[in-house]
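Just below is one structure, and these are the notes that go with it.
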Amino acid sequence: MYDHWKQIEKEMESIRAKNLYRRCKVTYGIDFCSNDYLGLSGHPGLVSAFKEALDTDTVGSTAARLVRGHRQTMDDWENEFSSFVHSEASLTVANGFIANFGLIDTIADSRTVIFTDRLNHASILDGIRISGAIKKYYNHLNLDHLEEQLAKVTSSEDSKSKKKIIVSESLFSMDGDKPDLQRLVALKRKYNAVLILDEAHSFGIFGKDGRGLAFADLSEEEIESIDYRIYTLGKSLGLEGGIIATTKLGREHLVNRMRSFIFSTASLPAIYTAALKSLSLLRDMDKERVHLLRVADILRTKLSENGFSISPSVSHIVPILMESEQQALYYSEELRKKGLDVRAIRPPTVPTPRLRVSLNATIREGDIQNLVNSLIQVREGKKANLF
């Protein structure tokens with residue numbers, strides 16, 4: 001007889017044996033791991049805006065947006081955000097995962113071929129899986145490989161009946177690197193594909209006033225060629241929620257067909273009022289953006305000088321590669337004891353175990369030196385324990 005809980009127990013034993021066991025930990029020490037890149041989540045102006053909004057409406061939205069969960073502030077927010085990122089329209093959903101997952105599930109089906117970077121976020125890969133589309137991986141950042149895949153599908157006999165979708169992050173969350181966006185747009189145009197660009201980790205940091213990497217690397221005309229851009233309230237804006245920026249027709253289609261939007265209770269009304277305040281703050285944080293990228297450069301230099309292996313990051317996300325899951329966990333725990341919150345990231349989230357150092361604008365140069373010194377101490381202590 002099949003014993004469900006016995007099988008679960010075996011699975012958990014296997015997870016523990018592979019050093020892949022996970023549990024939620026309360027935050028501690030200096031933040032080297034969150035996505036609060038500009039430090040806005042605790043900004044007095046944002047906290048005040050959120051509190052004031054709670055005094056003017058219900059705490060919960062009470063229903064889905066198509067029932068009784070919609071508010072005027074939601075329209076105000078989406079109109080303001082659309083103007084900021086130069087899109088015709090945008091749609092806000094519960095989080096970034098739902099934005100990617102729900103969008104792909106809505107616009108793709110079994111007659112769709114989706115070309116996805118091998119290291120795209122789980123929300124993208126799960127959206128492809130549930131949509132029933134044909135999935136074509138291309139090697140990470142290898143747009144020559146992407147074009148080979150596109151050309152092969154385009155030359156097939158039934159290519160005319162197939163929709164092609166290219167999807168990529170603009171800044172990869174676990175590696176801190178980025179694709180050639182100009183070539184990505186060129187390939188979209190050449191092969192008549194739909195292009196989805198996830199700007200979650202670049203928004204607030206890159207581009208004019210923090211509009212994202214598309215605004216740093218592309219012309220206005222090239223940006224207009226991107227069919228869907230994904231943003232999030234849960235990172236640089238310091239709140240929670242996901243945003244899909246697209247055309248007016250694209251938004252209308254999602255409102256009518258996107259199941260994860262239609263059948264979900266709307267987010268707290270106060271979030272939208274707070275989002276307007278957060279966006280106004282974010283626009284004027286050029287000093288913080290410069291500082292953040294400068295301390296990231298300092299960290300990369302110091303890590304390399306001291307013999308640590310890092311991914312080729314070009315951003316505020318700096319991964320320190322580890323030899324094993326066990327080593328990643330050991331470093332993370334030892335750093336915790338020193339008051340530094342650096343988390344171990346392991347498979348299947350990433351192919352290679354690592355410490356993902358995620359910097360924010362509140363980090364000072366002294367914090368960077370403290371982190372590097374602590375890493376050296378942990379390394380030397382580990383060597384001493386071996387003998």
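Some observations on this one:
- Residues that are over 20 Å from Tyr137 (Cβ atoms) number at least 1 in the following strands (runs of 3 or more DSSP E) confined to segment 168-256: 228-232, 242-246.
- Residues being without any contact (Cβ under 8 Å) to a residue 40 or more places away in the chain and closer than 20 Å to Leu281 by Cα - total across segment 52-77: 1
- Elements of type helices (runs of 4 or more DSSP H) in segment 276-387, at least 3 residues being at pLDDT 95 or above and under 24 Å from the mean Cα position of the chain (by Cα): 286-305, 325-337
- Subset of segment 233-274 (residues that are aromatic (Phe, Trp, Tyr) and either more than 13 Å from Glu78 (Cβ to Cβ) or surrounded by fewer than 24 Cβ atoms within 10 Å (Cβ to Cβ) (or both)): Phe263
- Among the criteria (1) surrounded by 20 or more Cβ atoms within 10 Å (Cβ to Cβ); (2) under 21 Å from the mean Cα position of the chain (by Cα); (3) of a type outside the set (A, V, I, L, M, F, W, C), the one Arg118 does not fulfil is (1).
- Top-ranked residue of segment 169-193 - restricted to ones that are closer than 17 Å to Val350 by Cα and among the acidic types (Asp, Glu), ranked as surrounded by the fewest Cβ atoms within 10 Å (Cβ to Cβ): Asp177
- Applying the criterion of being in contact with a His (Cβ under 9 Å, 6 or more places away or on another chain) and farther than 19 Å from Ile271 by Cα to the residues of segment 57-113, the residue that is surrounded by the most Cβ atoms within 10 Å (Cβ to Cβ) is Asn100.
- Which numbered condition Ala328 misses (of (1) crowded, with 19+ Cβ neighbours inside 10 Å; (2) without any contact (Cβ under 8 Å) to a residue 24 or more places away in the chain; (3) of a type in the set (A, V, I, L, M)): (2)
The values are calculated or read from the model by the stated rules, or taken from the named source; none is laboratory data. Since the model is a prediction, treat every value here as computed from it, not as a measurement. Here Cβ is always computed from backbone atoms with ideal geometry, including for glycine, and neighbour counts include all displayed protein chains.
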